[in-house]
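The structure under discussion appears below in the form of structure tokens.
No lab work stands behind these numbers, since they all come straight from the coordinates. What you see is a predicted model, and the numbers here were worked out from it, not measured in a lab. Please note: Cβ atoms are built from the backbone with ideal geometry, for glycine as well, and neighbour counts cover all protein chains shown.
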Amino acid sequence: MTESTDIWPWVIDVYAAPGVAEQCLNLQDEHDQNVPLLLWAAWAATHGAVDQALAARAADMARTWSDAVIVPLRGVRRRLKAPLSDGDATMRLALREQVKVVELQSEKVLLEQLAALSVRSGAIPDSLLPVVILDALLAVASVWSQDFPAEKLARLTQALSEGLVLRYNS
């Protein structure tokens, strides 16, 4: 098992890198992929191998947590974007922001749980990171859904690599 406490700062940095959020949201919205699971896979790959067995365990955990918590919260947040009744904007939008905070916290909890599954091995050479990360992304995405566009996962890997955020492989 590895220390899970370093995953959240890494994910925040990764998500802020150019192109990463866009690629993640595209995979989520157009291909029903799970963003926390994908980001965990990239993080875990920088710490050691993500084999099919680990990918399956992680996907099972992510599916349970997502179905019960994250997806319902996302639905509420998205529904609160538009008016529900006349004159509800101020209170509705304030509530939407609160739901957004809870949704983000639920993703953090999932990521911490996923990180606890990871096995830390030796450092991965920087030159191999894109390959190792793409393999991990393909492993979890294929377990998560039959709709896992390899070319979009490759673009996510490229965005992660170009952002130089993968140098956190400590």
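Out of W40, W65, W144, any idea which swings most in a Gaussian network model of the chain, alpha carbons joined below 10 Å? Comparing W40, W65, W144 in the GNM, the peak value goes to W65. Computed with the Debye formula from one identical point scatterer per Cα of the chain, without solvent, the log10 of I(q)/I(0) at q = 0.14 Å⁻¹ comes to -0.70. Other residues lying with their Cβ under 12 Å from the Cβ of D51 contribute a combined charge of 0, Lys and Arg counting +1, Asp and Glu -1. Using the average count of surrounding beta-carbon atoms within 10 Å as a protection proxy, the listed peptides 104-114, 145-155 rank, highest first, as 104-114, 145-155. Quick check for you: which residues of region 130-163 have the amide N under 12 Å from the point 7 Å beyond the Cα of E22 toward its beta carbon? 156, 159, by backbone N distance to the label point.
Label point of E112 set 7 angstrom out along Cα-Cβ; within region 5-21, amide nitrogens under 13 Å from it belong to 5-9. Put a dot 7 Å past the Cα of D51, heading toward its Cβ, do the same for W8, and the two dots end up 3.1 nm apart. The calculated FRET efficiency for the pair V131 and E97, based on their C-beta separation and a Förster distance of 41 Å, comes to about 0.55. Here the label points at D32 and S145, each 7 Å from Cα along the C-beta direction, are separated by 0.7 nm in the simple model.
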